[in-house]
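For reference, the structure is listed below as structure tokens.
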Amino acid sequence: YWDVRATGPLTQMMGTTSYTNFANNYYTAGSDAGGEIWRMVYWNQGMNLENLIKQSIANEEWTLAGIGYAIKAFSWDQMTKLHADLILKDAFVPGLLSHNYDYQDTIYLAVQGWARKAISYLKMTDAKEYGTKISANDYIYAGDKSKWIKFAYGVLVRNLASMSNKSNFTT
């Protein structure tokens with residue numbers, strides 16, 4: 001991610017004279033530096049992903065719905081790990097011009113729910129044939145449901161592991 005330009009200096013893994021405002025929990029005016037994942041989740045995916053999931057469920061296209069939920073879970077998990085509190089409940093509400101932030105624990109529960117929904121939908125048998133609708137456009141796993149299921153389980157593991165602070169925690 002391009003956001004490493006902002007997080008790198010915070011973790012002192014890279015020296016820099018720019019992107020230092022993030023250490024002060026501040027932003028650079030007139031710049032979206034450090035906002036790549038924010039833009040990806042709210043803008044690039046945004047309502048497109050929401051519509052894909054809703055339309056897939058309405059059309060009983062379970063594989064597509066599962067892939068949508070897996071991508072949603074992964075993206076929101078990454079974003080909350082970078083930005084902590086986020087606009088979740090007020091996101092994508094038409095006409096809403098002022099948004100309340102939700103705490104990270106709320107985001108984590110949503111991510112877990114979406115990952116579990118992804119797994120559930122991906123395990124369902126599709127009534128329709130997709131042809132090349134998914135395989136030709138899925139540049140990650142070419143429509144391989146078993147790999148998407150593993151991916152969704154991986155999102156769950158990464159999410160839960162980041163909440164663990166135990167001396168006896170093992171992967």
Sequence-distant residues sharing a close amide H with LEU86 (under 5 Å, placed H): ASP102
Derived scalar couplings ³J(HN,Hα) [the range 96-101; Karplus, 6.51 cos²θ - 1.76 cosθ + 1.60; whole Hz; x for Gly, Pro]: 7, 10, 10, 10, 8, 8
For the range 109-119, 3J(HN,Hα) per residue [Karplus equation, 6.51 cos²θ - 1.76 cosθ + 1.60, θ = phi - 60°, Hz, x = Gly/Pro]: 5, 5, 4, 4, x, 5, 5, 5, 5, 4, 4
Residue-wise HN-Hα coupling along the range 136-146, computed from phi with Karplus coefficients 6.51, -1.76, 1.60 (Hz; x: Gly, Pro): 7, 10, 8, 7, 8, 10, 6, x, 6, 4, 4
Chymotrypsin sites (Phe, Trp or Tyr not before Pro) within the range 82-171, DSSP loop, no more than 10 other Cβ atoms inside 10 Å: TYR139, PHE169
Estimated FRET transfer efficiency (ASN44, VAL157; beta-carbon r; R0 25 Å; 0.05): 0.50
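All of the numbers you see were taken from the coordinates with simple rules; none came from a lab. Remember, it's a predicted structure, so these values are computed and weren't measured experimentally. All Cβ positions, even for glycine, are placed from backbone atoms using ideal geometry, and neighbour counts span all protein chains on display.
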